[in-house]
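Right, one structure below, let's go through it.
The values are calculated or read from the model by the stated rules, or taken from the named source; none is laboratory data. Quantities reported herein were computed from a predicted structural model and do not represent experimental measurements. Here Cβ is always computed from backbone atoms with ideal geometry, including for glycine, and neighbour counts include all displayed protein chains. Accessible surface areas use protein heavy atoms only, side chains included; no ligands, DNA or RNA. Shrake-Rupley method; radii C 1.70, N 1.55, O 1.52, S 1.80 Å.
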Amino acid sequence: MRPWRYTVIKGKHREAFADLVVEAMGRQEPDAPEAKKTKRHHRFANMPMIIALGMHLEPEGKIPVIEQEMAVAAGAMNVLNALHAAGFGGMWVTGPFCEDRVLLESLGLPEPHRLAGFLFVGTPVKHSDERKRPEINDYMAVWKGDAITFVADAG
């Protein structure tokens, strides 16, 4: 099973792709403020590299669709880890525009294939260890026979 289809967008093609993204926003979010569209266009047009995370799904296949989607997500996480290990930065972004069929078809993803989002790739200005990270014990528990309550979910 190899349901991932990665499309790299870089260089002079970023501006034209940013136009497609904003057009998709117009179809998926017709009431989106102009400032949001402008910001999205700027990010797609100026990010050093963008990787579209295509999901080539086989709904009638023997592998459940959820597993196919999770395989794409795991692959994307591996790409992010490799980028970070190589000294680059990466950020996974999504939005309603990721459901736009015109945009998807421009990425070689006709129905029933989908898009898991985009990885924005560049060189970080500051190191990620400067960000405050959540406490691991808020999101992890050890099962000892009784029902578990996560600290992150209490409250």
> Would you say residue 42 is open to solvent by 40 Å² or more (accessible area, probe 1.4 Å), at pLDDT below 95 and part of a helix (DSSP H, G or I)?
Replying inline: no
> Looking at the stretch 111-122, which of its residues are surrounded by 11 or more Cβ atoms within 10 Å (Cβ to Cβ) and either more than 30 Å from residue 42 (Cβ to Cβ) or of a type outside the set (Lys, Arg) (or both)?
Replying inline: 112, 113, 115, 116, 117, 118, 119, 120, 121, 122
> Is it true that some residue in the stretch 90-106 is farther than 18 Å from residue 7 by Cβ and out of contact with any strand residue (DSSP E or B) (no Cβ under 6 Å at 6 or more places or on another chain)?
Replying inline: yes
>> Looking at the stretch 1-17, can you tell me whether even one residue there is in a helix (DSSP H, G or I), within 22 Å of residue 108 (Cβ to Cβ), of a type outside the set (Gly, Ala, Ser) and open to solvent by less than 20 Å² (accessible area, probe 1.4 Å)?
In response: yes
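Conditions tested, residue by residue: (1) open to solvent by 50 Å² or more (accessible area, probe 1.4 Å); (2) within 25 Å of residue 57 (Cβ to Cβ); (3) part of a strand (DSSP E or B); (4) touching a Leu at 6+ places or on another chain (Cβ under 6 Å).
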{"site": "79", "(1), (2), (3), (4)": "no, yes, no, no"}
{"site": "82", "(1), (2), (3), (4)": "yes, yes, no, no"}
{"site": "87", "(1), (2), (3), (4)": "no, no, no, no"}
{"site": "91", "(1), (2), (3), (4)": "yes, yes, yes, no"}
{"site": "124", "(1), (2), (3), (4)": "yes, no, no, no"}
> Which of the residues belonging to the stretch 45-77 are more than 14 Å from residue 115 (Cβ to Cβ) and part of a strand (DSSP E or B)?
Replying inline: 49
